[in-house]
Amino acid sequence: MTPADLLTQADRLLNTVIPGTQGCWPRACAWLIRLALEETLDQYWANVLPEAASCPMRAQLLLLPAYADIGTAQRAREAWTGLARAAHHHAYDLAPTAAELRTWHTLVSQLTIELT
Amino acid sequence: MSTATVEQLILERLSSAQLPDPVDNLVVASLLGDDDLAAALSSDGQSRASSQPGSDAVNEPVATYLRAVTVEGFRGVGPQVTLRLDPGPGLTLVAGRNGSGKSSFAEAAELALTGDNKRWSGRTVIWRAGWRNLHTSGDSRIAVGLAADGQRGVTSVVREWPHDAALESGTAFAQVPGGPRQPVETLGWAVPLELYRPFLSYSELGTLVAGRPSEMYDALQAILGLDQLIDAERRLNDARKKFDESSKKARQALPDLLEQLSAYPEYPADPDDRARRAEAALRRRTPDLDAIEALAVGDQRSDDGMPDRLQRVTSLTLPGSDAVAEAVQLLLTAERKVAGLAGTPAADARRLASLLTTALNHYADHPGEPCPVCAGRPLDGSWASRARIEVTRLADAARDADTAHEAVRAASRTLRTMVPAEPAALAGDLGGKADATVARDLWQRWAKLAADGSNQRLCAEASQVIAGLASAVDQVRADAARALQQRSEAWQPVAAALAGWAELARASQHAGTMLAHLKSALTWLKAAGRDIRNARLAPFAEMSARVWETLRQESNVELGPIRLEGSATQRRVSLDVTVDGVKGAALSVMSQGELHALALALFLPRATASDSPFRFLVIDDPVQSMDPSKVDGLAHLLAQVAADRQVIVFTHDDRLPEALRRLQLPATVWEVVRRERSIVELRRNDDPVHRYLDDARALARTTELPEDARAVVVAGFCRSALEAACHETVRARRIAAGTRHAEVEQALARAQTLHQVVALALFDDASRGDQVAARLRGRFGPHAVNAFRAAKTGTHTTYAGDLTGFVEDTARLAAGLRQ
């Protein structure tokens with residue numbers, strides 16, 4: 001699935017009630033957005049710096065400002081920080097809120113445009 | 001709590017206190033009410049208060065549990081959603097992120113029942129304006145379903161608002177099973193809700209301890225059923241203030257009165273010296289009120305007789321000039337008549353008649369003999385008949401003369417006594433204003449004339465003298481009347497002031513007596529109240545101490561006995577807080593979490609009082625700002641309370657549910673999530689591992705999602721299930737081994753990859769990730785390794801295998817890891 005496809009599905013989870021997703025849609029949504037971000041970066045590095053794609057995400061995010069716009073890099077970092085936390089079972093955290101998911105969705109949507 | 005009312009306790013003590021009657025009476029009256037106290041204070045204080053305090057019928061409270069909270073279009077909740085609760089003792093957690101709408105349920109429950117909400121009343125207009133859910137265009141409605149112990153069916157309390165109504169203009173009703181809709185007040189819960197407050201919100205947690213000391217004092221007083229005591233004390237105190245003021249009034253008004261008296265003129269305007277005597281009476285150490293009142297009453301009591309004299313002078317009357325002229329005329333006429341008798345004096349006529357009568361008698365014996373007087377011719381029959389005629393004529397003439405003389409005497413007497421004797425009043429002092437000298441001279445001249453003057457002189461002078469006298473008396477009379485009036489005019493305001501002050505002084509005297517009684521009554525009541533209060537408080541304080549002991553965990557703060565201290569504006573709850581063994585430490589040294597724990601320690605005894613009809617407690621987010629060790633204490637505490645109460649706790653994170661799971665304390669956990677447009681979803685989440693696996697199963701079957709997307713999210717849930725299982729295992733093991741909560745959490749937070757997390761669970765060592773696969777294969781078989789790998793990579797690269805098999809492999813692995 002392309003990042004755009006993933007984001008479309010994430011958006012569906014976020015604003016429509018899909019049978020079978022009741023209550024669990026927030027985390028599902030987070031994983032889809034997170035994957036969209038990972039795919040976006042993978043595609044970006046494939047064109048810019050193929051070696052980077054196999055690096056851990058932390059390293060990729062540190063590299064990014066050297067290649068992309070500084071604002072873009074900040075957005076990527078912000079989205080990742082939130083999504084990484086939301087996508088794991090984390091000590092005492094409950095599922096992310098719709099507002100948080102919407103923010104990340106917007107950030108990643110923007111990144112898919114900026115990083116092509 | 002003890003069953004005797006405060007009133008009964010006080011009356012009991014009173015009967016053995018042997019207070020003086022008036023004091024005893026005031027204490028009883030103060031318990032009865034304002035009117036009774038007023039009556040007791042206005043009387044002499046001896047008579048016993050008429051009505052005896054009655055005891056209110058105490059209804060056995062019906063245990064009431066929450067069954068459901070339904071919310072629609074209110075706060076964070078859009079379309080209708082219902083939180084269903086098991087109506088009985090037990091612990092229910094509702095977990096949801098801030099903004100998930102969870103607090104909307106707590107608020108709805110409180111608002112529906114109380115009609116107000118603690119958060120509401122204190123909040124800003126902006127907040128109040130935002131009570132309606134933004135994503136609702138229809139009506140708003142909140143409803144609470146309640147189940148009463150031993151009764152079938154559900155009692156509903158509903159508040160609803162048409163789509164355009166303001167917060168205040170909603171409608172509310174209650175409906176008992178099988179009954180019609182009725183006003184919420186008919187449930188009779190207004191007072192218990194206020195007394196026992198089964199709702200505790202996060203914002204209240206902060207203010208319960210940090211708020212004004214008097215507020216907590218009042219809240220505790222109310223719960224202890226001491227309102228009556230407070231009211232009685234307040235009544236006595238108000239009365240004391242009033243009587244204190246009133247007892248000083250006479251003394252305060254005295255200087256003005258003395259000044260007024262000193263300005264009052266000396267003799268002769270005040271010949272009886274009333275002003276000076278009043279001053280003397282006032283200046284005594286205890287003013288002679290009888291004397292002052294006597295002086296104030298007026299002139300009648302003064303003893304110099306001057307007002308009497310003046311009064312008498314003003315009532316003097318003299319004959320008018322017409323009357324005098326008539327009397328003079330009468331006398332003159334009588335005199336003229338006497339003069340007209342000329343030469344026939346009555347005596348001569350009578351003597352001659354007597355002589356002839358004697359001669360006739362002689363003739364009768366010696367008829368025809370010569371006259372013995374003149375020895376002349378003989379006395380014959382013709383002589384005798386002439387003589388008889390003459391005797392009759394002479395007797396008539398004598399009578400006429402007598403009458404004329406008598407008339408003169410009468411007329412003369414009348415004229416001479418026309419003017420009364422000079423009254424003694426004229427001779428006395430007439431206050432220097434009226435001069436009676438001229439009148440008195442004339443009066444003496446007249447007296448002399450009337451006594452000694454001949455009738456002739458009298459007739460000539462009477463009119464003139466009497467007229468002169470009359471005009472002189474008129475003058476004196478007018479002067480006397482004026483003096484009399486001036487005298488009373490000058491004194492009148494002074495008399496009024498004296499009378500007013502005397503009244504004030506009597507009131508002050510009464511107030512002074514009552515004040516002493518009031519002080520005694522107040523002192524006695526305060527002492528009695530202190531005993532009763534502390535006796536009542538003891539069980540509450542004890543429970544607070546227990547709660548704190550459970551909650552404090554690693555805290556270095558110790559909570560000593562709780563006491564109610566001070567009164568009026570100084571009233572406060574005294575919390576004996578010891579930090580690191582140092583006594584009297586301020587609450588400010590306590591952390592926010594400790595303060596919240598303390599607030600809970602104060603809230604719980606009140607909300608779980610046995611007299612409360614509410615068997616449920618709703619606590620909104622007590623966990624916020626508590627450190628993990630205190631959360632364990634809280635979990636224990638809530639479980640204890642839940643043994644015989646329905647405890648509903650709203651919480652914004654997973655700490656409390658986690659602690660309950662780890663400590664294996666029974667609880668029902670609901671998870672709240674809110675979609676965009678305020679669609680709120682509630683579902684059970686008692687066990688996160690099962691929850692994740694159930695979600696994974698559900699999503700694996702969701703054909704609505706493209707297969708690729710399904711694979712991603714299923715892998716995500718499988719990984720979360722494994723993480724959750726590992727976290728649980730690690731926490732349970734390490735905390736049981738005595739590791740501090742914070743260190744456990746650090747270790748878990750550092751383990752970021754699934755390898756590290758599973759290594760921590762398997763080996764208690766996150767760095768042994770490279771050995772995980774081998775160990776899993778050895779312990780759980782190849783499927784376990786496959787599931788582990790798929791969970792790890794599936795969220796990055798689409799898992800291509802059978803999703804349902806993947807989920808079940810994961811479930812087996814998770815179960816194995818948890819053992």
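Residues that are more than 9 Å from chain A (Cβ to nearest Cβ), of a type in the set (V, I, T) and surrounded by 24 or more Cβ atoms within 10 Å (Cβ to Cβ) are absent from region B:693-712. Screening B:T795 on (1) among the β-branched types (V, I, T); (2) assigned to a loop (DSSP other than H, G, I, E, B); (3) out of contact with any Phe, Trp or Tyr (no Cβ under 9 Å at 6 or more places or on another chain) shows it passes everything except condition (3). The set of residues from region B:677-687 being buried (at least 20 other Cβ atoms within 10 Å of the Cβ) and at the interface with chain A (Cβ under 7 Å from one of its Cβ atoms) comprises just one member, B:E681. The set of residues in region A:8-23 being modelled with pLDDT of 90 or more and under 25 Å from B:V669 (Cβ atoms) consists of A:L13, A:L14. Scanning region A:7-30 for residues that are at the interface with chain B (Cβ under 7 Å from one of its Cβ atoms) and under 17 Å from A:T106 (Cβ atoms) gives A:Q9, A:L14, A:N15, A:P26. Looking only at residues in region B:667-676 that are more than 9 Å from chain A (Cβ to nearest Cβ) and not β-branched (V, I, T), the one that is farthest from A:A98 (Cα to Cα) is B:A667. Within region B:684-719, the set of residues being at pLDDT 90 or above and within 30 Å of B:R645 (Cα to Cα) comprises B:V689, B:H690, B:R691.
Residue-by-condition table, conditions (1) within 13 Å of chain B (Cβ to nearest Cβ); (2) in a helix (DSSP H, G or I); (3) surrounded by 15 or more Cβ atoms within 10 Å (Cβ to Cβ); (4) modelled with pLDDT of 95 or more:
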{"position": "A:E39", "(1), (2), (3), (4)": "yes, yes, yes, no"}
{"position": "A:Q43", "(1), (2), (3), (4)": "no, yes, yes, no"}
{"position": "A:R77", "(1), (2), (3), (4)": "no, yes, yes, no"}
{"position": "A:H90", "(1), (2), (3), (4)": "yes, no, yes, no"}
{"position": "A:D93", "(1), (2), (3), (4)": "yes, no, no, no"}
{"position": "A:A99", "(1), (2), (3), (4)": "yes, yes, no, no"}
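If I filter region B:791-801 for residues that are within 14 Å of chain A (Cβ to nearest Cβ), of a type in the set (G, A, S), closer than 21 Å to B:R697 by Cα and touching a Lys or Arg at 6+ places or on another chain (Cβ under 8 Å), do I get at least one hit? Within region B:791-801 (the criterion being within 14 Å of chain A (Cβ to nearest Cβ), of a type in the set (G, A, S), closer than 21 Å to B:R697 by Cα and touching a Lys or Arg at 6+ places or on another chain (Cβ under 8 Å)), the answer is yes, since at least one residue qualifies.
When region B:720-742 is filtered for residues that are more than 15 Å from B:R655 (Cα to Cα), away from chain A (no Cβ under 12 Å) and part of a helix (DSSP H, G or I), the ones remaining, listed by number, are B:T729, B:R733, B:R734, B:A736. Taking region B:633-664 as the range and being over 49 Å from the mean Cα position of the chain (by Cα), among the aliphatic types (A, V, I, L, M) and more than 23 Å from B:S555 (Cα to Cα) as the test, no residue passes. Just for region B:642-660: of the residues that are of a type in the set (D, E) and part of a loop (DSSP other than H, G, I, E, B), which one is surrounded by the fewest Cβ atoms within 10 Å (Cβ to Cβ)? Once the filter is applied, the top-ranked residue is B:D644. Counting only strands (runs of 3 or more DSSP E) wholly contained in region B:532-635, the ones carrying 2 or more residues that are in contact with an Asp or Glu (Cβ under 7 Å, 6 or more places away or on another chain) occupy B:557-565, B:572-579. Taking region B:86-188 and the strands (runs of 3 or more DSSP E) fully enclosed by it, no element has 3 or more residues that are surrounded by 14 or more Cβ atoms within 10 Å (Cβ to Cβ), at pLDDT 90 or above and touching a Cys at 6+ places or on another chain (Cβ under 9 Å). Count of region B:320-342 residues, restricted to those that are over 17 Å from B:L458 (Cα atoms) and among the basic types (K, R), is 1.
The lone criterion from (1) farther than 19 Å from A:A87 by Cβ; (2) more than 14 Å from chain A (Cβ to nearest Cβ) left unmet by B:T804 is number (2).
Among the residues making up region A:79-88, a single one is more than 7 Å from chain B (Cβ to nearest Cβ), of a type outside the set (A, V, I, L, M) and crowded, with 21+ Cβ neighbours inside 10 Å: A:W80.
A single member of B:A507, B:A496 is surrounded by fewer than 18 Cβ atoms within 10 Å (Cβ to Cβ), assigned to a helix (DSSP H, G or I) and out of contact with any Lys or Arg (no Cβ under 8 Å at 6 or more places or on another chain), and it is B:A496.
Within region B:702-719, being in a loop (DSSP other than H, G, I, E, B) and either among the polar types (S, T, N, Q) or in contact (Cβ under 8 Å) with a residue 24 or more places away in the chain (or both) holds for B:T702, B:T703. If you filter region B:743-753 down to residues that are in a helix (DSSP H, G or I) and of a type outside the set (A, V, I, L, M, F, W, C), you find that the one that is farthest from the other protein chains (Cβ to nearest Cβ) is B:E743. If you go through region B:470-513 and keep only what is under 30 Å from B:A424 (Cα atoms), of a type in the set (D, E) and at pLDDT 80 or above, you end up with B:D474, B:D479.
The values are calculated or read from the model by the stated rules, or taken from the named source; none is laboratory data. Keep in mind that what you see is a predicted model, and the values were worked out from it rather than measured. Glycine gets a Cβ as well: all are built from the backbone with ideal geometry, and neighbour counts include every protein chain shown.
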